[in-house]
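See structure below.
The values are calculated or read from the model by the stated rules, or taken from the named source; none is laboratory data. What you see is a predicted model; the values in this text were computed from it and never measured. Glycine also receives a Cβ, built like all others from the backbone with ideal geometry; neighbour counts cover every protein chain displayed.
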Amino acid sequence: MTSPLTRLRRRLTLWYVGIFALILLAFGAVTYEIVVHQVDRALDRSLMATVDATAALIEEADSGAEPTPVPVVTPGRRVWVLNQDLTETGYSSTPAEPWVLDAARRAFAHGTARAGGETPQDRIFRLRARAVTLPDGRRIAVLAAAVLVEIEDQYPSVILGFALAGLASLGLVALGGWRLARRSLDPVDRAMSEMRRFMADAAHELRTPLAVLRGHADVALQKDRDGTEYREVLDDVSREAARMGDIVERMLLLARAEAGDWPTARESLFLDDVVLDVGNAGRALGGSRGVRIEVGDLDEAPVRGDPALLRQLLMAFVDNAVKFSPDGGTVRLSLVRQGDMCVATVEDEGPGIPDEARPHVFERFYRADAARPRQQGAGLGLAIAEWIAELHGGSVALGTRDGGGTRAAVTLPLELGQS
C-alpha cells in the first residue's frame, strides 16, 4: 500500500512537471514566432538583394550598344523582368504566372510590391518586386521569388529541436521535481516518524502505571477489607497516579516547547544562586540513602533567562546523579566562568553511561537500563533539560568523570556587563 507521503511526492512531482511544461510551451511558442519572424525578414532581405542585383545588371546591360537579354539565374530564386505592358523582356528565368503579373502591376503602381501565399499549384511562395526606370526611359519591373520549400524545411527542424530540448528538459524537471519533493517532505516524514515514535513510547510508558492502577483496584475489589488495607491500596494508587501525572505533564511541556507555546520569563539573575538552591534541594533527595551533595567552585555568573526553567534544568541532572549514585556516595556541583560563557557541572560516583548509550541519552523515553539498575521515571528529564539549555542559547553534555561516574555539563552564555 502506498503511503500518503509517497502519493504527495508524486503529486508534487506532477505539479512541478506540469507547471514547467506550461512554461516551456509558452516559451517555445514565443521563441518559435520570433524565429519565424526573423527567418521571414532574412528571406525578404535576400529577395530584395536579388531584385537590386538584377536591376543593376540590366541597367548596365541596357547602357551598352546592343544589349542581348540573357535569363537571370539565381540559385534558389526565380527572377522575372517584365515590361510595363507585362510582356517578357528576355531576362526572366521562367514564364510569369498570373500571381507574378499581379505583383508586377502593383510594383508599377507603387514602386515596390511584396506578396506571399499559395500559387494555383498549391506551392507556397514569397515575392518581392521593384519598378526600375532604365537609362533609355523605359520602365521595367524586377521580381524575385522563393518557393518556400526551403523555409518549410527549416521550420520542422526548428520544431524538432524545441521538442527534443523540451522532452529532455521535462525529464530533468521530473527527476529534479521528485528529488525536490522528497527533500521538501523529508522533514515532514521525520516529524511524522518522531510523532509516531513519541506516541508509541508514551503509550508504553503510560501502560505500566495504568496496569498497576488496575491491578490495585482489582485486588481491592476481590473481597471486603478494613480501612487500613484500603488506605494502603489508595496510597499505591496515588503513587501511580502521580507518576502518570508527571509523565503527562512532561509530555505536554515538550509538546508545547516544540510548538513554541511555552511562556518563558527573561530576567537577569545569578546562576550561582540557582546552583546553591539546587544543591540544597538535592540534599533532601539524597538524605534517605546517605548521598552527600557538595558544592565546589562557584564563580559569580550573571545570566539572563527563566529562573524556574534553569532550576529545572540543573535539578534534572542532580536528580539523576542522586538516583544513580551508590549509597553513601557524593554528588558534586560546581560553576566556573570560561570567557563569555559559564559551565555548571554535576558529577556523581555512579556506574557511568555506556559508550553505546551516549548518543541516545537526550532522546525522549530513552533509558540505558543496563547501566541504570535503579532507574525510574519516563526518560523525559534529559530531553527537557536539553530544550531548556537551547532555549537559553546554551548546550548540555554528558561524559565520564575522572575516576568513574558521570559528569553532566551545562554551558550558558553570560550576561555581559552585569558582573
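Numerical summary
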read-out	value
Residue under evaluation Asp85, criteria (1) modelled with pLDDT of 85 or more; (2) charged (D, E, K, R); (3) surrounded by 14 or more Cβ atoms within 10 Å (Cβ to Cβ), criterion not met	(3)
Test: residue in the range 263-271 that is touching a helix residue (DSSP H, G or I) at 6+ places or on another chain (Cβ under 6 Å) and either within 18 Å of Arg407 (Cα to Cα) or among the charged types (D, E, K, R) (or both)	no
Residue in the range 258-269 that is in a helix (DSSP H, G or I) and modelled with pLDDT under 75 present	yes
Cross-chain or 6+ apart pairs with Cβ under 6 Å, the range 94-113 first and closer than 16 Å to Val81 by Cβ, then in a helix (DSSP H, G or I)	Ala113/Ala103; Ala113/Arg106; Ala113/Ala107
Val343 more than 40 Å from the chain's Cα centre (by Cα) and aliphatic (A, V, I, L, M)	no
Members of the range 295-316 that are modelled with pLDDT under 90 and within 13 Å of Leu285 (Cβ to Cβ)	Met315, Ala316
Residue list for the range 294-306, filter: of a type in the set (Val, Ile, Thr) and surrounded by 19 or more Cβ atoms within 10 Å (Cβ to Cβ)	Val303
Scope the range 307-331; condition touching a helix residue (DSSP H, G or I) at 6+ places or on another chain (Cβ under 8 Å), surrounded by fewer than 23 Cβ atoms within 10 Å (Cβ to Cβ) and either within 15 Å of Trp387 (Cα to Cα) or in contact (Cβ under 8 Å) with a residue 60 or more places away in the chain (or both); matching residues	Pro307, Leu309, Arg311, Gln312, Met315, Asp319
Close pairs (7 angstrom Cβ cut-off, 6 or more residues apart or separate chains): farther than 20 Å from Cys342 by Cβ in the range 272-289, outside any helix (DSSP H, G or I) anywhere	Arg283/Ile293; Gly286/Arg292; Gly286/Ile293; Gly286/Val331; Arg289/Asp327
